[in-house]
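Everything on this sheet refers to the single structure shown next.
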Amino acid sequence: MVTIPAVVPPLPRERVWTRNLPPATAVAWLAAGWHDLLVKPAASLAYGLIVFLVSIGVVAGLFALGWDYILFPAFAGFMVVGPLLAVGLYEKSRRIAAGEPVGLASMIFVRPQSGGQLLFTGVLLCGLMLLWMRAAVIIYALFFGLRPFPGLDHITSTLFMTSTGWAMLLVGGAIGGLFAAFSFAISAVSVPMLLNERVDALTAMGTSMALVWNNLPVMLAWGTIVLALFLISLVSGLLGMIVVFPLLGHGTWHAYRALRP
């Protein structure tokens with residue numbers, strides 16, 4: 001007779017996603033990012049310069065094509081695809097931690113552990129950005145009709161000195177906040193994870209959302225830092241992007257390593 005051993009079901013793991021990190025940890029991530037930036041800073045600053053030049057080229061292209069009406073949604077959309085553009089910065093931080101040589105070439109020609117899954121994630125994030133830009137145009141049309149865009153010279157008076165403008169700002173801000181929250185949740189951890197681990201895109205995005213949701217205080221603090229530094233870059237005419245983008249990219253890597261040790 002064959003004896004079948006008793007099977008004890010596995011005990012549930014508590015707080016599998018929770019790290020109990022205080023909000024002040026976000027400042028430590030920023031400080032760690034600054035440390036990585038100062039390790040061979042020329043490579044990080046050159047990377048930031050490339051992002052700055054590409055951003056200026058996109059803005060100039062929008063004006064040349066007469067698409068200046070989507071300029072502000074495009075700036076907001078940049079924050080959706082920003083984590084993908086920072087892959088080279090994650091690679092530099094990874095190499096610093098591993099004691100491997102660091103250079104601009106290794107930051108540009110990155111070989112992620114997940115292979116093409118990173119590209120697939122990029123397609124999804126670009127699709128989300130285009131969806132947001134289309135939604136922004138529809139919101140404008142719902143409040144102002146099919147009137148032409150008044151131009152950047154008159155946009156302030158149109159938005160802030162009319163009741164219709166305030167209503168559009170409130171509705172657009174609420175809808176844009178939903179887009180921003182969703183994109184932040186699915187990309188904050190997933191992109192560096194796809195660089196460092198053999199995992200598929202959907203699993204990485206689901207894991208990222210779970211980690212953000214279960215560590216909400218520190219991730220809200222990190223998101224506030226990201227938004228504040230991005231707004232400073234806009235006020236500086238995007239010049240601040242040369243330093244701010246590498247700083248946030250390196251900091252995001254340390255956020256990933258803290259949330260998924």
Does any residue of the stretch 235-248 turn out to be surrounded by fewer than 16 Cβ atoms within 10 Å (Cβ to Cβ) and hydroxyl-bearing (Ser, Thr, Tyr)? yes
Taking the stretch 32-41 and the residues there that are among the aliphatic types (A, V, I, L, M) and in contact (Cβ under 8 Å) with a residue 12 or more places away in the chain, the one that is nearest to Gly99 (Cα to Cα) would be Val39
Between Pro5, Pro23, which is exposed (fewer than 12 other Cβ atoms within 10 Å of the Cβ) and either under 29 Å from Phe179 (Cα atoms) or at pLDDT below 90 (or both)? Pro5
So which helices (runs of 4 or more DSSP H) are wholly in the stretch 46-137 and hold at least 2 residues that are in contact with a Gly (Cβ under 9 Å, 6 or more places away or on another chain) and surrounded by 18 or more Cβ atoms within 10 Å (Cβ to Cβ)? 71-85, 87-98
Against the definition (hydrophobic (A, V, I, L, M, F, W, C), modelled with pLDDT of 85 or more, out of contact with any Lys or Arg (no Cβ under 6 Å at 6 or more places or on another chain) and in a helix (DSSP H, G or I)), how does Leu30 come out, yes or no? yes
Look through Ile232, Ile225 and report the one residue that is surrounded by fewer than 19 Cβ atoms within 10 Å (Cβ to Cβ), within 25 Å of Ile96 (Cα to Cα) and touching a residue at least 12 places away in the same chain (Cβ under 8 Å). Ile225
Is the stretch 30-44 home to any residue that is in contact with a His (Cβ under 8 Å, 6 or more places away or on another chain), surrounded by 14 or more Cβ atoms within 10 Å (Cβ to Cβ), under 23 Å from Thr121 (Cα atoms) and hydroxyl-bearing (Ser, Thr, Tyr)? no
When the residues of the stretch 139-169 are filtered to those that are of a type in the set (Phe, Trp, Tyr) and either at pLDDT below 70 or more than 30 Å from the chain's Cα centre (by Cα) (or both), which remaining residue is nearest to Gly66 (Cα to Cα)? Phe149
Considering each of Val59, Val51, Val39 in turn, give the residue that is in contact with a helix residue (DSSP H, G or I) (Cβ under 9 Å, 6 or more places away or on another chain), among the β-branched types (Val, Ile, Thr), at pLDDT 90 or above and farther than 30 Å from Met209 by Cα. Val39
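The values are calculated or read from the model by the stated rules, or taken from the named source; none is laboratory data. Keep in mind it's a predicted model, so treat the numbers as computed, not measured. All Cβ positions, even for glycine, are placed from backbone atoms using ideal geometry, and neighbour counts span all protein chains on display.
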